[in-house]
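Scroll down for the structure; my scribbles are underneath it.
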Amino acid sequence: MNKLLLMLFLLLAGCTGVPEGVTVVDDFNVNRYLGTWYEIARLDNRFERDLENISATYSLRDDGGVNVENKGWTPKTGEWEKIEGKAYFLGTSDKGSLKVSFFGPFYGSYNIIELDKQDYGYSMVTGPDKSYFWILSRTKQLPKATLDSLIEKAKQLGFETDKLIFVKHN
């Protein structure tokens, strides 16, 4: 039983790391990050497949964490899909490294690796490895030069930018 618990702990701990060669932002201010963000681009993942108009809304929790509400439109069904979760800082709150859970005690990484620190207008986020990647914005579109710059930075960090999915927003 102890071996099983240790294996489970190691497996779950592996889901909250930072990909090799990537660093999280510092001087992070969670209060400025709160509110709604629109997904601009992502690498494919099963939980967002076929969704459009994807957004994430963050708010403070009473226990010091962050409420997370993700939603997206499914054109095939004509319905919104929504899921709520919670996130907590993995270290100090001035680092953009959190663990997020949508399913009970299971957490995954939410690593902010690029951030418009002046206006908090865009961010790049990754999970525990480079197969998870998102470009987020406060607006439904980013200026082409900004988007191109973010994609180039992601490419330099080793993300498969040729596989990015650009999210349709109405």
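Please work out which residue is nearest to the chain's Cα centre (by Cα), limiting yourself to the stretch 118-156 and to residues that are hydrophobic (A, V, I, L, M, F, W, C) and either open to solvent by 20 Å² or more (accessible area, probe 1.4 Å) or farther than 23 Å from Leu98 by Cβ (or both).
Trp134
Just checking, how many residues over the stretch 56-92 are closer than 21 Å to Asn170 by Cβ and surrounded by 18 or more Cβ atoms within 10 Å (Cβ to Cβ)? Counting residues in the stretch 56-92 that are closer than 21 Å to Asn170 by Cβ and surrounded by 18 or more Cβ atoms within 10 Å (Cβ to Cβ) gives 4. Restricting attention to the stretch 40-88, the residues that are farther than 29 Å from Pro143 by Cβ and touching a residue at least 40 places away in the same chain (Cβ under 8 Å) total 0. Of the listed requirements (1) out of contact with any Ser or Thr (no Cβ under 6 Å at 6 or more places or on another chain); (2) modelled with pLDDT of 95 or more, Phe103 misses just one: (2).
Can you list the strands (runs of 3 or more DSSP E) found entirely within the stretch 33-134 that contain at least 3 residues being under 20 Å from Ile165 (Cβ atoms)? Ranges flagged: 35-42, 52-60, 66-74, 79-89, 106-115, 122-126. Restricting the stretch 1-31 to residues that are modelled with pLDDT of 95 or more and not in a loop (DSSP other than H, G, I, E, B), the residue that is least open to solvent (accessible area, probe 1.4 Å) is Val30.
The values are calculated or read from the model by the stated rules, or taken from the named source; none is laboratory data. Keep in mind it's a predicted model, so treat the numbers as computed, not measured. A quick note on method: Cβ atoms are made from the backbone with ideal geometry, for glycine too, and the neighbour counts reach across all protein chains shown. Side chains included, ligands, DNA and RNA excluded: accessible areas come from the protein's heavy atoms. Shrake-Rupley method; radii C 1.70, N 1.55, O 1.52, S 1.80 Å.
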